[in-house]
Amino acid sequence: MVDALLLSDPRFFRHRSSAYHPERPERLDAAQAGIDRARRAAGLAFLHVEPRPATDEELVRVHDRQFIDWLETPRSDCRHIDADTYIGPASIATAKLAAGGTVSMVDAIVTGPISRGIALVRPPGHHARPNHAMGFCLLNNAAIAAAHAKSKGLSRVAIVDWDAHHGNGTQDVFYTSPEVLVVSTHQYPFFPGTGAADEVGAGEAKGFTINVPLRAGCGDSVYRGAFERVILPALEDYAPELIVISAGFDASARDPLAEMTLSAEAFGWMAQKLRHQADRSAKGRILLVLEGGYDLVALQAGVCAAARGLVEGTAVEIARDVDHPDIARASEIAKAAWPSIS
């Protein structure tokens with residue numbers, strides 16, 4: 001019996017910098033080790049999904065044509081777009097494979113019979129804007145997956161981003177369109193400088209962006225409070241037909257690039273709660289897409305816990321704080337659109 005779909009591929013190792021960079025190929029080894037730990041501990045069985053490059057049609061649902069043309073300009077060396085983001089000779093082909101891999105996962109999940117999937121892809125994607133690569137990200141994998149799900153006929157798709165850094169690119173893609181509900185909890189103020197609670201979408205999409213920004217140092221209890229008071233009630237109201245998780249693991253207490261203090265168990269708890277929502281409204285359809293996470297020990301432990309929460313539907317209980325002032329402010333703003341938020 002197969003419990004979930006799994007997408008991974010050695011070709012994702014081809015995206016590499018000419019010098020040390022925290023977004024490095026070894027991250028995939030750690031993530032795969034987390035899956036292997038979950039497999040051994042819980043007896044989970046995964047069906048491999050083969051990635052393939054995203055087509056231009058799939059990319060232009062999210063990214064500007066001119067930007068895609070610029071990305072595809074041949075390069076023979078490794079160069080930096082900015083201080084954080086590099087492109088090597090194989091990087092664009094790898095990024096297109098990651099984006100197309102998430103599309104393949106959506107196709108497999110929508111057509112069934114297996115409704116849960118984990119995509120171990122790199123480079124990550126949630127900072128990639130419609131016309132700009134940044135923050136280690138070249139193409140926006142989660143947004144491309146969500147847009148593809150819409151093209152397959154799903155009416156309500158939700159992206160839930162728990163990376164420590166705000167997914168500004170994903171927010172930009174859908175900020176003026178009520179096509180997708182975009183929910184994020186993240187460290188704030190912090191890179192990339194976006195994700196304030198009053199960033200709620202514009203025009204007819206007002207309310208379809210929900211940000212729960214949290215100050216540095218927040219841990220398990222505050223994240224649980226953010227989920228129980230804001231994120232889960234909004235999802236209950238929205239009743240998504242597919243949930244895409246932008247799953248960064250850099251909110252871990254061990255991570256060198258953020259200042260949050262999550263345990264591995266917190267990632268399992270969040271994944272479990274999102275899986276339960278998917279069971280209620282989405283026929284179980286849920287896809288976890290790897291984003292950040294730069295301490296290899298924490299990444300392995302976080303992926304293991306998240307995989308068990310997503311696939312088994314069980315997780316270790318964590319402490320609870322629903323009265324944190326950051327949660328209260330986000331709740332007050334978001335409840336204008338989603339009445340179940342308290």
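The values are calculated or read from the model by the stated rules, or taken from the named source; none is laboratory data. Nothing here was measured: the structure is a model prediction, and the numbers come from that model. When we count neighbours, we look across all protein chains shown, and the Cβ atoms used for this are built from the backbone with ideal geometry, even at glycine. Side chains are part of the model used for accessible areas, which takes the heavy atoms of the whole protein and leaves out ligands, DNA and RNA. Shrake-Rupley method; radii C 1.70, N 1.55, O 1.52, S 1.80 Å.
Among residues of the stretch 325-341 that are closer than 18 Å to E204 by Cβ, those with a Cβ under 6 angstrom from a residue that is open to solvent by less than 40 Å² (accessible area, probe 1.4 Å) and assigned to a helix (DSSP H, G or I), sequence gap 6+ or separate chain, pair up as A334/V230; W338/A234. The requirement of being β-branched (V, I, T), open to solvent by less than 30 Å² (accessible area, probe 1.4 Å), within 19 Å of V182 (Cα to Cα) and in contact (Cβ under 8 Å) with a residue 24 or more places away in the chain is satisfied by V106. Filtered by the rule that a residue be closer than 15 Å to G117 by Cα and either part of a helix (DSSP H, G or I) or without any contact (Cβ under 8 Å) to a residue 12 or more places away in the chain (or both), the stretch 300-314 gives V303, C304, A305, A306, A307, R308, G309, L310, V311. Selection over the stretch 1-57 of residues that are of a type in the set (D, E) and touching a residue at least 40 places away in the same chain (Cβ under 8 Å) gives a count of 6. Cβ-Cβ distances below 6 Å connect the following pairs, each with a first residue in the stretch 273-294 that is under 22 Å from G101 (Cα atoms), a second residue that is open to solvent by 10 Å² or more (accessible area, probe 1.4 Å) and assigned to a helix (DSSP H, G or I), and a separation of six or more residues or different chains: I286/R275. Against the condition open to solvent by less than 10 Å² (accessible area, probe 1.4 Å), of a type outside the set (V, I, T), within 24 Å of F13 (Cβ to Cβ) and touching a residue at least 60 places away in the same chain (Cβ under 8 Å), how does A99 come out, does it pass? Taking the combined requirement at face value, the residue does not satisfy it.
Within the stretch 148-167, work out how many residues are over 24 Å from D220 (Cβ atoms) and crowded, with 24+ Cβ neighbours inside 10 Å.
Within the stretch 148-167, residues that are over 24 Å from D220 (Cβ atoms) and crowded, with 24+ Cβ neighbours inside 10 Å number 3.
Of all the residues in the stretch 252-283, those that are of a type outside the set (S, T, N, Q), under 30 Å from A149 (Cα atoms), more than 16 Å from the chain's Cα centre (by Cα) and open to solvent by 10 Å² or more (accessible area, probe 1.4 Å) number 6. Remark: S115 matches the filter, which requires a residue to be modelled with pLDDT of 95 or more, surrounded by fewer than 24 Cβ atoms within 10 Å (Cβ to Cβ), closer than 28 Å to K273 by Cβ and touching a Gly at 6+ places or on another chain (Cβ under 7 Å).
Inside the stretch 131-147, can you point out the residues that are of a type in the set (S, T, N, Q) and open to solvent by 10 Å² or more (accessible area, probe 1.4 Å)? Spell out the reasoning first.
First pass over the stretch 131-147, keeping only residues of a type in the set (S, T, N, Q): 131, 140-141.
Within the stretch 131-147, N131 is the sole residue that qualifies.
Checked against the criterion of being free of Cβ contacts under 8 Å to residues at least 60 places away in the same chain, of a type in the set (S, T, N, Q) and either within 22 Å of T94 (Cβ to Cβ) or not in a strand (DSSP E or B) (or both), the stretch 115-137 contains not a single residue that satisfies it.
Determine whether G292 is in contact with a Ser or Thr (Cβ under 7 Å, 6 or more places away or on another chain), open to solvent by less than 10 Å² (accessible area, probe 1.4 Å) and under 18 Å from I118 (Cα atoms). Spelling it out, it is not the case that G292 is in contact with a Ser or Thr (Cβ under 7 Å, 6 or more places away or on another chain), open to solvent by less than 10 Å² (accessible area, probe 1.4 Å) and under 18 Å from I118 (Cα atoms).
If we keep just the residues of the stretch 205-229 that are over 18 Å from the mean Cα position of the chain (by Cα) and within 13 Å of L181 (Cβ to Cβ), which is most open to solvent (accessible area, probe 1.4 Å)? This residue is K206.
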